[in-house]
Structure formats: C-alpha cells, structure tokens
C-alpha cells in the first residue's frame, strides 16, 4: 500500500474545490482493494443515494487496511462529516499501518 502525503492532498483538494479529495479516495480504494477490501467501483460515488453506501464500503476497507485499528463507523463519520480533517486522520492511520506492515488481506 502506498503512503500518501496528506498535506499535499489537502492542498490539492482545496485548490481543486474537492476534486483532489475524490482522487485521493479512489487511490486509497485501489490500494485497499489490493489488500482484499472489495470496495466497488468509484463511479458509484456520483450517484446521489448510492454514494453514501459506497462511502460505507470504503470505510469498511479502511478497517481492513488498518488491521482494525480504525473501525468502519469511525472512518465513515470522519470522511462523511469532517471531510478534509477526516481525510487527514484516516490517512495518518493508513500510513501508520503501512509503516508497521500490518496490512492483512481480507479473507
């Protein structure tokens, strides 16, 4: 799993009015899927009601990728309610899991 520079992604997200945050979610989705997370296609993010379900599946992927150090509900609330701040907190957890080599594959 790649480590991402969260400060850079936040700056890009602000400059691009949120498009950078979407790109970050897609990149982390792809990284988590290589670990067996099973997050569906990112195109579902643009479908109004389905996007909430997609974000939940993404949050479940965060739980898998961090070795359950961050739970799905916490990841979902962070990204859904706190946006860029939540993005930073989640990426710190993903980077820590990557450093510690604690990225288990899902069964």
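Could you go through the stretch 22-29 and let me know if any residue there is touching a residue at least 40 places away in the same chain (Cβ under 8 Å) and on the phi > 0 side of the Ramachandran plot. No. Annotation note: of 58, 53, the sole residue that is at pLDDT 95 or above and crowded, with 17+ Cβ neighbours inside 10 Å is 58.
Inspect the stretch 64-72 for any residue being farther than 18 Å from residue 1 by Cα, surrounded by 14 or more Cβ atoms within 10 Å (Cβ to Cβ) and at pLDDT 95 or above and give the result as yes or no.
Of the stretch 64-72, the ones farther than 18 Å from residue 1 by Cα are 71-72.
Okay, now just the ones that are also surrounded by 14 or more Cβ atoms within 10 Å (Cβ to Cβ), so 71-72.
Right, trim to at pLDDT 95 or above and you get 71-72.
So far as the stretch 64-72 goes, yes, one or more of its residues are farther than 18 Å from residue 1 by Cα, surrounded by 14 or more Cβ atoms within 10 Å (Cβ to Cβ) and at pLDDT 95 or above.
The values are calculated or read from the model by the stated rules, or taken from the named source; none is laboratory data. Nothing here was measured: the structure is a model prediction, and the numbers come from that model. Because the Cβ atoms are built from the backbone with ideal geometry, glycine has one as well, and the counts that use them run over all protein chains shown.
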